[in-house]
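In what follows, a structure is listed as structure tokens, so that the remarks can point back to it.
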């Protein structure tokens, strides 16, 4: 049913079918106050067939609790079928029909553990026909649709059972068309719509998310040992116009003896200007890590100066830099004249 206007015709067909199966007639119809039940055609049909129509009060769904609970049961089962097999929501009608098909074959304590199918047809249902919704299936192709050397079946997706045909509904993912088949083989451990493929099924699936090339691990130089007073990084002047070029050409963290440190002039008197007191400028001191204890390492430093105090973070930065350099993801160029260079942490 796609529109509520179809309720009248569907109810007429349902009444004829259910009375044929059960040899009993419908005496009472309980519904809400929707216009699909309160129109003139529906009222005339109920009156002519002697059916009492009971309507619940407005905004009182608890008066129609049996239908509301069963509607919730069908919706929850439909959601479970879709999520388990990662089936797109566009196929929810097939999942809802499959949910109703399964619920009608489940025993209920309200009927002394009898199934609704058994109560209606007076026979037990056949459970050997049940299959996992959304699993892979391989229906046999008709003889006129393939060449002698072509495959006799192709991958399809099981979407439930048919009320008209004695077969299964199969979805062809290549054409998005549903066809019926009786002769087919199921693989209930593989779900083609699922994004996470476990096992050895479908190794050529294009939906597998492989990492990009620059994220593939490369050889990482060993982390430097704990620095000693006789082995440290070479001094780097803050006035160097290209401090990155000397660091890019190295393949490992140098451990040559450090030359004499260049001391910056220190003024004890705070300078002033017309606008007030200037705060002291914090210079980048790469040798400050020698005097900092390595026992406490922050989980996530927020600046380069803070991270460079610890050998673990220096090794991590070096390995990341070497990986980017080996992959060739950037090029070092001179900035254009007068350009404003953006900084970073």
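The values are calculated or read from the model by the stated rules, or taken from the named source; none is laboratory data. In this text the structure is predicted, and so the values were computed from the model without any measurement. We place every Cβ from the backbone using ideal geometry, glycine too, and count neighbours over all the protein chains shown.
Which members of region 81-95 meet the condition of being closer than 16 Å to residue 132 by Cβ and under 15 Å from the mean Cα position of the chain (by Cα)?
Selection gives 82, 83, 84, 85, 86, 87.
With respect to residue 74, determine if the residue is assigned by the TED database to the domain that holds residue 92 and part of a helix (DSSP H, G or I).
yes
In region 133-175, which residues are under 16 Å from residue 95 (Cβ atoms) and either part of a loop (DSSP other than H, G, I, E, B) or not assigned by the TED database to the domain that holds residue 185 (or both)?
133, 134, 135, 162, 163 - these are the residues of region 133-175 that are under 16 Å from residue 95 (Cβ atoms) and either part of a loop (DSSP other than H, G, I, E, B) or not assigned by the TED database to the domain that holds residue 185 (or both).
Quick check on my filter: what residues within region 299-314 are outside any helix (DSSP H, G or I), in contact with a helix residue (DSSP H, G or I) (Cβ under 8 Å, 6 or more places away or on another chain) and either at pLDDT 85 or above or surrounded by fewer than 12 Cβ atoms within 10 Å (Cβ to Cβ) (or both)?
Hit for region 299-314 is 310, nothing else.
Just to check your reading of the model, which residue among 104, 48, 9 is under 30 Å from residue 170 (Cα atoms), without any contact (Cβ under 8 Å) to a residue 24 or more places away in the chain and not assigned by the TED database to the domain that holds residue 125?
9
On the given criteria, is residue 61 within 37 Å of the chain's Cα centre (by Cα), in the same structural domain as residue 130 (by the TED database) and at pLDDT below 95?
So residue 61 does not fit the description; no.
Among the numbered criteria (1) surrounded by fewer than 17 Cβ atoms within 10 Å (Cβ to Cβ); (2) farther than 15 Å from residue 84 by Cβ, which one does residue 188 miss?
Among (1) surrounded by fewer than 17 Cβ atoms within 10 Å (Cβ to Cβ); (2) farther than 15 Å from residue 84 by Cβ, residue 188 violates only (2).
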